[in-house]
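**Student:** One structure coming up, written as structure tokens, with questions to follow.
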Amino acid sequence: MPAPHRIAERMKQLDASGIRKVFDLAAKMSDPINLSIGQPHFDVPDEVKSEAIAAIKRGFNKYTQTQGIAELRQAVAQIVKEEIGWDVAIEAEPSRDSKTCLITSGTSGALLLAFMVLINPGDEVILLDPYFVMYKHLVNLVGGKAVIVDTYPDFLPDPQRIADAMTERTRLMVINSPCNPTGQVYQADLLKEIAQLAAGRDLLIISDEIYNLFCYDTPFCSIASFYDDTLLLRGFSKSYAMTGWRLGWCAGPADILEKMAMLQQYSFVCAPSPAQVAGVAALKCDMSEQVAQYRRKRDMVYQALAEPFGLIKPAGAFYAFVPAPKGMSGTEFVSLAIENNVLIIPGNVFSQKDTHFRLSYATSDEKLQEGLEILVKLAK
Ligand code: PMP
């Protein structure tokens with residue numbers, strides 16, 4: 001037991017009970033069919049590994065500039081120019097009107113820096129439910145208030161509901177398309193409507209685009225293309241399976257990024273240097289084969305679960321957010337699945353509701369097929 005007062009008050013804002021329960025149950029499983037994992041099952045491309053190894057061998061192991069190495073920042077600037085049309089300056093004046101970029105320790109690193117820089121105690125942050133767990137906890141940690149907008153049943157946010165959730169204290173809104181945990185992808189029309197709402201309130205949008213490569217039915221579209229006051233976050237963890245390398249980037253208004261860089265200097269210092277070198281190579285990799293594989297897996301999941309579970313077709317990332325069978329909560333169905341050797345995560349880990357479960361299809365076709373068959377049997 002920790003001694004009283006030893007742990008800071010702010011830690012009371014965090015709670016890992018939901019996910020801990022699942023992992024406690026999972027620890028008792030001997031060889032589970034694991035459909036719970038939030039990372040690709042393929043490995044880092046060979047050319048990316050070679051670059052990192054070469055960087056380490058030639059001694060590129062020291063701190064880099066806090067902002068990240070110039071080559072990677074230039075590569076990021078080029079992507080942002082091509083996809084969004086923004087002119088990203090490598091050395092920008094810290095003004096609201098100019099754009100710059102920052103290399104971060106994963107997208108998680110960028111999220112923490114951004115929330116610390118942007119949120120005052122009591123400020124409200126609009127999150128769309130279901131949400132990536134980290135958002136809610138980090139908003140709480142910095143003393144903000146998460147204002148949760150329900151997007152059930154199709155997981156496309158209703159702009160009117162977003163408008164209704166806005167108050168004088170609303171500081172920013174987080175959007176995440178393709179979405180973890182729902183696999184939903186927002187189209188240009190919806191993004192334009194959200195942008196309009198934000199513009200009317202002079203609201204900053206944080207767009208977490210970590211799954212941007214994984215869009216199966218339509219090309220990826222960023223809200224940054226329609227809304228200038230966007231902090232755009234991307235990473236290498238999902239696209240190139242570099243989850244353990246801790247590399248991400250952020251582009252957006254230079255006044256915000258200057259403060260994020262300052263805070264990075266006093267916290268993460270810089271993203272891992274060999275990973276930054278490898279990141280330049282990663283951005284040149286063609287991942288279309290891996291994406292095509294995941295599209296096929298998405299199809300397998302949809303084919304198996306559409307009818308027995310009433311699953312809406314997920315369009316991106318590598319998750320399906322599936323309604324639990326009638327009469328059961330998400331947690332109850334997950335317990336049953338775990339008793340039958342399939343590991344999935346209850347929806348209430350990502351939501352105020354406990355009606356669904358999240359399935360990750362980032363696994364081999366064989367394991368996925370086995371897992372789907374068991375889930376379908378259980379639904380019956
Ligand atoms: N955002 C979302 C939506 C995610 O799913 C994840 C990883 N699960 C992250 C951010 C963080 O990724 P990383 O820190 O590895 O870049």
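**Student:** Can you pull the one-decimal nm distance between simple spin-label points at residue 95 and residue 339, each 7 Å off the Cα toward Cβ?
**Tutor:** 6.5 nm
**Student:** May I ask you to compute the full-extension gain from residue 7 to residue 19, defined as 0.36 nm times their residue separation minus their alpha-carbon distance, rounded to one decimal in nm?
**Tutor:** Full extension of this stretch gives 2.2 nm more.
**Student:** While we're here: Filter the cross-link list 313/377; 353/377; 21/326; 238/377; 28/136; 238/367 down to pairs whose alpha-carbon distance in this structure exceeds 27 Å.
**Tutor:** Distance filter (> 27 Å) returns 238/377; 28/136.
**Student:** Using label points projected 7 Å from each Cα along Cα→Cβ, tell me how many nm separate residue 365 and residue 26, to one decimal.
**Tutor:** 2.5 nm
**Student:** Let me ask something else about it. Of the GluC sites (Glu not before Pro) in the stretch 145-220, which ones lie in a loop per DSSP and count no more than 10 other C-beta atoms within 10 Å?
**Tutor:** Passing sites in the stretch 145-220 are 168.
**Student:** Follow-up question, since we're still on this one. Which length gain, in nm to one decimal place, applies between residue 43 and residue 220 when the Cα-Cα distance is subtracted from 0.36 nm times their residue separation?
**Tutor:** Contour length minus the Cα-Cα distance gives 61.4 nm.
**Student:** To continue, here is another question. Compute the relative contact order of the chain as a whole-number percentage, counting only Cα pairs closer than 8 Å that sit 6 or more residues apart in sequence.
**Tutor:** That works out to 24 percent.
**Student:** Could you work out the local net charge near residue 27, counting Lys and Arg as +1, Asp and Glu as -1, over the other residues with Cβ closer than 15 Å to its Cβ?
**Tutor:** Once all neighbours under 15 Å are counted, the net charge is 0.
**Student:** Would you calculate the separation in nanometres between label points at residue 168 and residue 199, each defined as 7 Å from the Cα along the Cα-to-beta-carbon direction?
**Tutor:** Roughly 2.6 nm, to one decimal.
Computed from the coordinates by the stated procedures, all read-outs in this text should not be read as laboratory data. Computed from a predicted structure; not experimentally measured. FYI the Cβ positions are ideal-geometry reconstructions off the backbone, even for glycines, and counts take in every protein chain you see.
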